[in-house]
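Here is the structure we will look at.
The values are calculated or read from the model by the stated rules, or taken from the named source; none is laboratory data. Model, not experiment: these values are computed from the prediction. Cβ atoms come from the backbone with ideal geometry, glycine included; neighbour counts cover every protein chain shown.
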Amino acid sequence: MVEIIDGKKEAKHLNEITKQHIEKLAKSGIVPGIAVIIVGHDQASERYVRMKDKKARSLGIYSIMKHFENDISETDLIKSINELNHDPKINGILVQLPLPSHINEQNIIQSIDPKKDVDGFHPLNIGKLFLNLNEQFPVACTPKGIMTLLAAYQVNLNGANVVVIGRSPIVGKPLLALLLNANASVTCLHSHSENITLHTKKADLVISAVGNANTLNDNHFKPGAYVIDAGQNLDINGKLVGDVSYDQNSKNIGFITPVPGGVGPMTIATLMQQTVEMCEWSHVE
Ligand SMILES: Nc1nc(=O)c2c([nH]1)NC[C@@H]1CN(c3ccc(C(=O)N[C@@H](CCC(=O)O)C(=O)O)cc3)C=[N+]21
């Protein structure tokens, strides 16, 4: 029997801890704040952004949303980010990706004050992560949430054989760094990799961040393997599914995170956690 991890339950637990931090800050008259910028009218993006805003408000985080039309110029977008960089009520700035093709994503990410980069996408923060610096800095929320989930399930990463599939700057790459920093032996596979099964069959833990339904199935894993599915795909019926196809009777999978209800809720809970952490960091310096 496959154990299905309850990401919603872990996210709820994390949100309760975040709430305690918010209440403690409130005693000093401090309210953490997040600003989310969204460009255009992509349905999925609008939905995620609303979910983030709703969760932030329910926890007592000050949350503002800036919604721009598709034809906003890069200069105007940077201007708006600059205002938020200087807004003392805002601790975290998130620019929802992807952006329209006439806007250079790196220019936008690099215009965010690294101390307010709640996504952890700024090159300075990614550099700190890869160097494993002993200081406080933001880390991409999906990878950080996955690490929290692994810790909650007491997965021993020390010397473990871990395969990460995907090398995006928002999931695969930061995950590589986090896993290396946790002393795992990490293999990263991607669209040019040959014989994926050769690698996944040896893995104690496989983390898939591909973005294609049915990328993996039970035959890819060794008995008892842990599987984290960070995929968010729509199947042919428009249903949200992950990268891995499996059922309760899959014989090799030890545990797996479901989609929906696995990594997704942890991403949003981690965003809330990190907004509050960044507020705390800004007050001790
Ligand atoms: N700057 C930026 N930061 C991001 O973190 C970011 C982004 N841009 N662009 C898009 C991706 C995608 N992403 C998700 C977060 C939560 C769920 C999530 O909560 N999923 C639920 C289901 C959601 C639903 O009901 O539709 C689940 O898996 O259970 C999904 C996807 C964050 N992203």
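Below are the figures for this structure:
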read-out: Considering residues of the range 124-141 that are within 15 Å of the ligand (Cβ to nearest atom) and of a type outside the set (S, T, N, Q) only, the residue farthest from the chain's Cα centre (by Cα); value: Ile126
read-out: Per-region count, the range 236-279, residues within 17 Å of Tyr153 (Cα to Cα) and surrounded by fewer than 22 Cβ atoms within 10 Å (Cβ to Cβ); value: 4
read-out: Conditions (1) within 13 Å of the ligand (Cβ to nearest atom); (2) basic (Lys, Arg); (3) closer than 28 Å to Thr75 by Cβ: number failed by Lys144; value: (3)
read-out: Exclusive hit being at pLDDT 95 or above and outside the structural domain of Ala44 (by TED's automatic domain parsing), set Asn134, Asn104, Asn91; value: Asn134
read-out: Flag for Asn82 being in contact with a Gly (Cβ under 8 Å, 6 or more places away or on another chain) and modelled with pLDDT of 95 or more; value: no
read-out: Residue list for the range 107-152, filter: in contact (Cβ under 8 Å) with a residue 60 or more places away in the chain, more than 16 Å from Ile170 (Cβ to Cβ), assigned to a helix (DSSP H, G or I) and not charged (D, E, K, R); value: Thr148, Leu149, Leu150, Ala152
read-out: All positions within the range 73-99 that are farther than 20 Å from Lys52 by Cβ and either crowded, with 18+ Cβ neighbours inside 10 Å or within 16 Å of the ligand (Cβ to nearest atom) (or both); value: Ile78
read-out: All strands (runs of 3 or more DSSP E) inside the range 1-99 with 3 or more residues being touching a residue at least 60 places away in the same chain (Cβ under 8 Å) and in contact with a helix residue (DSSP H, G or I) (Cβ under 9 Å, 6 or more places away or on another chain); value: 33-39
